[in-house]
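Accompanying notes for the structure given below.
The values are calculated or read from the model by the stated rules, or taken from the named source; none is laboratory data. Being a predicted model, the structure only gives us computed values, none of them experimental. Virtual Cβ from ideal backbone geometry, glycine too; neighbours counted across all protein chains shown.
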Amino acid sequence: METTIESLVKFGCEIEKQAKLSSYTTFRLGGPCQYLIKCALPHQLEKTVAVLQNRKLNFYVIGEGANLLVSDDGIDCVIIRYLSTEALIQSDENDLTVSGATLLDHLVSYAAEQGLFGLNDLSGIPGTVGGAIVGNAGAFGKQIGDVIKSVVVINRHGEKRIISADELGFKYRNSRFKETGEVVVSVIFTLHQGNHKELLLERNQILATRKDKHPYYLAQPTAGSFFRNVSPTSSAQKQQAAGWYLEQVNAKDFSCGGAYVYEKHANIIVCRETCRAQDVYDLAQMMSEAVKTRFGIELTREVRYLGRFKGMPEGITSIIW
Ligand SMILES: Cc1cc2nc3c(=O)[nH]c(=O)nc-3n(C[C@H](O)[C@H](O)[C@H](O)COP(=O)(O)OP(=O)(O)OC[C@H]3O[C@@H](n4cnc5c(N)ncnc54)[C@H](O)[C@@H]3O)c2cc1C
């Protein structure tokens, strides 16, 4: 087998050397990586992982970059971007088999149109199915992990295996994948029969609510909620939302360089054109310190850091933090 990165082109992968990650994250921030390899299909992902493992090259998989803050200096590794603008979905009664590259909202829309119930609350969440599984994305007290039957992964030794739902370690905005670094290739969801008209109506209402409360990320760069809720339950009370604590410390008035807190939501950071990733890092520090000083509570980040930032605590060795 040919093992050069360039050889992946013949499988349909696109390769960009020294790609700037600002073009591949919803914050629109981040410096270069060694190579960015774009894979849209499962076999392209598998070949790419095999080549990189064969060459012992360190890599990191991203989806739409909707939950990432990449450092201005970039990162010294290969990035695999696993994303497809075409929905890759096969249905078998209530089961849907979906590639991890599929955009989550394409899947949610497909399920609603088919009258399948279980994913509708996730309407409008940016990112891919793979990214959503890693962070157990959710809204309105529902999470993607609630309706997963199994996931096909490639582990760090290049072995492909099927992992069933009970082994996936889903918790609030968490899963085993944050620890294992396994790559999500595809997934089977088990949904329930519902009424497609009702589902589509509800979906439109959710999209309208999100439009009202969240910045439109293609125009106002952001990664959504920056911190996790403090004591999450499926029916999170206002006092438990990180945004509530941030409101109390007047975070909506905070800014740092080109980064500022969204006027409608104290837990969302948005960027002006001049923004650097370091500005977002510094603003997030300012927000969490204010909550710590006032309430003695340590906020936990939802957004993942990639690369090095000035002011990072001593002893951080991983590029993912
Ligand atoms: C405007 C806005 C609103 C948002 N609202 C919500 C919300 O309501 N609820 C919510 O939960 N989140 C929300 N988010 C955050 C974001 O949409 C989710 O975290 C999303 O699931 C990230 O998917 P992604 O493909 O962009 O992942 P990325 O940001 O690219 O990656 C996130 C993590 O997943 C890993 N990853 C990605 N793909 C794979 C794969 N195939 N295999 C293994 N690892 C992988 C990455 O390594 C990284 O650790 C919002 C973001 C924005 C911008």
Just wondering, is there one or more residues in the range 2-22 that are buried (at least 21 other Cβ atoms within 10 Å of the Cβ), among the small types (Gly, Ala, Ser) and touching a helix residue (DSSP H, G or I) at 6+ places or on another chain (Cβ under 8 Å)? no
Matching residues in the range 299-314 - criterion: being within 23 Å of residue 66 (Cα to Cα) and assigned to a loop (DSSP other than H, G, I, E, B): 299, 300, 302, 303, 307, 308, 309, 310, 312
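Results for (1) at pLDDT below 95; (2) buried (at least 21 other Cβ atoms within 10 Å of the Cβ), shown as yes or no for each residue.
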residue: 261; (1), (2): no, yes
residue: 266; (1), (2): no, yes
residue: 270; (1), (2): no, yes
residue: 273; (1), (2): yes, no
residue: 277; (1), (2): no, yes
residue: 286; (1), (2): no, no
Unmet requirement for residue 246, which otherwise passes all of (1) in contact with a strand residue (DSSP E or B) (Cβ under 9 Å, 6 or more places away or on another chain); (2) at pLDDT below 95: (2)
Test residue 30 against the stated conditions and say whether it is crowded, with 19+ Cβ neighbours inside 10 Å, in a loop (DSSP other than H, G, I, E, B) and over 17 Å from the mean Cα position of the chain (by Cα). no
Odd one out for residue 7, checked against (1) polar (S, T, N, Q); (2) away from the ligand (no atom under 13 Å from the Cβ); (3) within 15 Å of the chain's Cα centre (by Cα): (3)
Checking 131, 158 in turn, the sole residue that is buried (at least 20 other Cβ atoms within 10 Å of the Cβ) and either assigned to a helix (DSSP H, G or I) or modelled with pLDDT under 95 (or both) turns out to be 131
Taking the condition of being near the ligand (Cβ under 9 Å from one of its atoms) and not in a loop (DSSP other than H, G, I, E, B), how many residues in the range 187-221 meet it? 1
